[in-house]
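J.: First, the structure itself, so that you have it in front of you.
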Amino acid sequence: MRKNIVAGNWKMNTTVPEGVKLAQEVNEAVAAACDLKCDVVVGVPFTHLTAVKAVLEGGKVGLAAENCAVKASGAYTGEVSAAMVASTGAQYVILGHSERREYFCETNEMLKEKVDLALANGLKVIFCCGESLELREAGNYADFIATQVSESLFHLTEEQWANIVIAYEPIWAIGTGKTATSEQAQEVHAMIRALIAGKYGDKLANDTTILYGGSCKPSNAPELFAKPDIDGGLIGGASLKAADFMGIVTAF
Ligand code: PEP
């Protein structure tokens, strides 16, 4: 059975002390919440991983990095490897976010390499995919998303898929306040699940967690999460305030 997950993506926000305070607030709220129906993860900048891990130690909140390098180690000044991320105690890494694809020219092929490095280092991958407004309006989004998923993930074994979480994030809904309707999101989630089923079979597809991301907030999360193929959210802006984030965590 697949897990429900709500994961925050803090992006390039908060100083280390601010991030530690936010992590403390989320950790305490999750500890106090009874009967949570999802796992909770916070995705934080590299600089925050060790300090936030210390805050989360022994609690129920998981920790994610927002990226890792495409190389294993060596002379790549300023890069942070999957092994380095894993050594902080983080359990997850977010890969393929549309901001990294757009501003840092990450390709499906590079992401395939990053996925392999992350899995080889024991990290679970939150793999982002999603179309631009142009593709949505042209009606080509299904093929585009299928290519993103298949080119970066379809070389993996069934065992490796146990450590893959997909996040469908339509670019036109990220940080814009314009959420995909629950029907639009459900359509793509079902399409991604069918794609996985076609390659790996129904069981693996049904066991794969598929998150929605894009202006998700406490007010729209219940409707989105009620859809059969939406297993939680990847949350940007609303993950920066513990109360808003918890409003989404408790939406299940
Ligand atoms: C994101 O960037 O992953 C995201 C979903 O952002 P927001 O929630 O702010 O739209």
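The values are calculated or read from the model by the stated rules, or taken from the named source; none is laboratory data. Because the structure is predicted, anything quoted here is derived from the model rather than measured. Cβ atoms come from the backbone with ideal geometry, glycine included; neighbour counts cover every protein chain shown.
J.: Condition first: of a type outside the set (Gly, Ala, Ser) and farther than 19 Å from residue 100 by Cβ. Can you find one or more residues in region 161-174 that meet it?
T.: Yes, region 161-174 has at least one match.
J.: Could you please give the count of residues in region 1-22 that are within 15 Å of the ligand (Cβ to nearest atom) and of a type in the set (Gly, Ala, Ser)?
T.: Total meeting the criteria: 2.
J.: Kindly provide the set of residues from region 3-24 that are charged (D, E, K, R), surrounded by fewer than 16 Cβ atoms within 10 Å (Cβ to Cβ) and within 21 Å of the chain's Cα centre (by Cα), ordered by number.
T.: 3
J.: Which members of region 119-160 meet the condition of being surrounded by fewer than 20 Cβ atoms within 10 Å (Cβ to Cβ) and of a type in the set (Phe, Trp, Tyr)?
T.: Within region 119-160, 144, 154 meet the criteria.
J.: Of (1) more than 16 Å from the ligand (Cβ to nearest atom); (2) touching a strand residue (DSSP E or B) at 6+ places or on another chain (Cβ under 9 Å), residue 126 satisfies all except one. Which?
T.: So the condition that residue 126 fails would be (1).
J.: Quick check: anything in region 130-142 at pLDDT 95 or above and under 17 Å from residue 66 (Cβ atoms)?
T.: Scanning region 130-142 turns up at least one residue that is at pLDDT 95 or above and under 17 Å from residue 66 (Cβ atoms).
J.: Give region 1-59 a look and list any residue that's free of Cβ contacts under 8 Å to residues at least 12 places away in the same chain and under 27 Å from residue 225 (Cβ atoms), or say none.
T.: Those that are free of Cβ contacts under 8 Å to residues at least 12 places away in the same chain and under 27 Å from residue 225 (Cβ atoms): 28, 32, 34, 35.
J.: Could you list, in sequence order, the residues of region 81-100 that are of a type in the set (Val, Ile, Thr), within 16 Å of the chain's Cα centre (by Cα) and more than 16 Å from the ligand (Cβ to nearest atom)?
T.: 85
J.: Can you list residue pairs whose Cβ atoms sit under 6 Å apart, with the first residue in region 228-252 being under 16 Å from residue 168 (Cβ atoms) and touching a residue at least 40 places away in the same chain (Cβ under 8 Å) and the second being more than 10 Å from the ligand (Cβ to nearest atom) and among the charged types (D, E, K, R)? Count only pairs 6 or more apart in sequence or on different chains.
T.: Close Cβ pairs satisfying both conditions: 229/193; 231/2.
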